[in-house]
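*Asks:* One structure, pasted below without further comment.
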Amino acid sequence: MPDFPQKGIHDVELRPHETLTVEACHQFKRSRPGILQHSHETGGGNLCVHQSSRKPVEPMKISLITPAAKTSRAGNRTTAVRWARILGDLGHQVDVATTYEDDADADLMLALHAWRSSSSIARFKARHPERPLIVALTGTDIYHYLAADPEPTLRSLDLADRLIGLHDLVPAALPERHRQKVDVVFQSALPRRRRWAASEEAFEVLVIGHLRTEKDPFCAARAARRLPVRSHIRIVHLGGAHEEVWATRARAEMADNSRYLWLGDRPQSLVRRWLTRGRVMVLSSRQEGGANVVSEAIAAGLPVIASGIPGTIGLLGPAYPGYFPIGDDAALAGMLLRAEEDPQFLRALSNGGAARAYLFSPAQERESLRRVVVSISIEV
């Protein structure tokens with residue numbers, strides 16, 4: 001981990017951590033020779049694309065496995081539903097399920113989460129070893145289960161004919177033998193044309209995510225406690241507490257911190273409205289596989305301030321000016337105050353996000369998924 005400058009709350013002249021993962025980006029380029037297409041013309045980063053034929057493949061029956069239940073608002077479920085719609089629009093018949101049953105008739109399996117879906121992945125390949133299998137990797141797969149429970153996780157990677165990563169730095173995080181299997185599919189979001197009016201009393205900073213350890217959900221609340229009296233920043237947190245201990249902590253934080261408001265789990269439609277009202281979004285996660293909320297924020301024109309983790313740098317690029325060290329609420333407080341008081345800095349965040357917005361378009365996600373399906377149909 002690189003050394004970050006030690007800044008206090010009154011040292012608001014923070015600058016971009018532009019070298020956060022330059023070496024990781026270099027590893028990524030070295031690991032995938034001939035597959036990267038660099039977007040010099042658009043000023044963007046590296047986008048993995050297969051040079052596969054544009055010739056359409058025959059419609060297939062696709063079993064799309066996600067461990068998230070039908071009623072869940074978890075990111076995996078949101079991704080699965082969106083991908084099912086895209087693949088359906090491409091002419092395929094898609095069945096979304098939480099597990100694979102032996103009597104399910106599928107020409108292809110697309111499984112989200114190598115570890116949580118490992119039993120379904122193994123059953124499908126045991127029953128149909130000749131049929132193609134795509135495994136989409138989540139943040140916990142890459143940054144937790146590869147080390148914490150490698151046997152089922154690596155077995156899923158070994159069985160997969162193709163792997164999907166949700167950000168540019170996924171290949172560099174995998175064992176070398178798996179890197180050539182990876183295609184990057186950036187998650188998309190629709191631009192928000194109608195906007196809620198911003199608060200006139202407060203500079204509202206959004207935190208969007210469920211209350212879990214890996215999200216470091218109270219980092220922004222801790223940062224808010226450090227702000228000077230003159231600041232009008234208010235943290236608005238939208239996200240469910242899957243365990244009562246987290247809800248208790250959130251309520252206690254609200255009672256003791258006048259700058260923090262926890263709204264709990266909210267429908268996606270309401271979350272998207274908040275994205276058009278907030279002034280800045282904070283993503284303080286300790287690990288992410290490529291959070292779709294980043295795409296949503298950029299599509300809504302909302303500046304992002306985020307922890308400097310590969311899962312976010314792989315979305316926004318290493319030169320994005322809005323990174324702070326993981327868990328460093330003092331540095332985050334300084335960046336929030338700067339965003340509130342320095343229009344030029346806020347504009348730099350907006351421009352940095354806008355420069356990457358093309359990656360998160362629905363057309364780009366559709367084409368990326370199409371290419372993966374075409375390439376695997378040719379290979380298997």
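Any read-out appearing in this document is the output of simple, stated calculations on the displayed coordinates, not a laboratory observation. The shown structure was predicted, so the numbers you read here are calculated from the model rather than taken from an experiment. Positions of Cβ are backbone-derived with ideal geometry, glycine not excepted, and every protein chain shown enters the neighbour counts.
*Asks:* Among VAL205, VAL236, which comes first, then next, by fewest other beta-carbon atoms within 10 Å? Walk me through the numbers on the way to the answer.
*Replies:* Values: VAL205 24, VAL236 21.
Placing the least packed residue first, the sequence is VAL236, VAL205.
*Asks:* Same structure again: Using amide H atoms built in the peptide plane, which far-off residues or other-chain residues are under 5 Å from VAL94 H to H?
*Replies:* ILE62
*Asks:* Give me the base-10 log of I(q)/I(0) for the stretch 155-221 at each q in 0.16, 0.24, 0.27 Å⁻¹, Debye formula, one uniform scatterer per Cα, rounded to two decimals.
*Replies:* -0.84, -1.05, -1.11
*Asks:* Here's a follow-up. In the stretch 211-276, which trypsin sites (Lys or Arg not before Pro) are in a loop and have at most 11 other Cβ atoms within 10 Å, using DSSP for the loop call? Before the final figure, lay out the partial values.
*Replies:* Values: sites: ARG212, LYS215, ARG222, ARG225, ARG226, ARG230, ARG234, ARG249, ARG251, ARG259, ARG272, ARG273; in loops: ARG212, ARG226, ARG230, ARG259.
Passing sites in the stretch 211-276 are ARG230.
*Asks:* Further question on the same structure: May I ask for the Kirkwood hydrodynamic radius of the stretch 203-360, worked out over all distinct Cα pairs and given in angstroms to one decimal? Intermediate results must be reported in sequence, preceding the final value.
*Replies:* Working: mean 1/r = 0.0649 Å⁻¹.
Roughly 15.4 Å, rounded to one decimal.
*Asks:* If you don't mind, there's one more thing I want to ask. Determine the sum of side-chain charges near SER284: Lys and Arg each +1, Asp and Glu each -1, restricted to other residues whose C-beta is under 9 angstrom from that of SER284. Intermediate values should be presented prior to the final figure.
*Replies:* Details: positive: LYS215, ARG286; negative: ASP216, ASP329.
Local net charge: 0.
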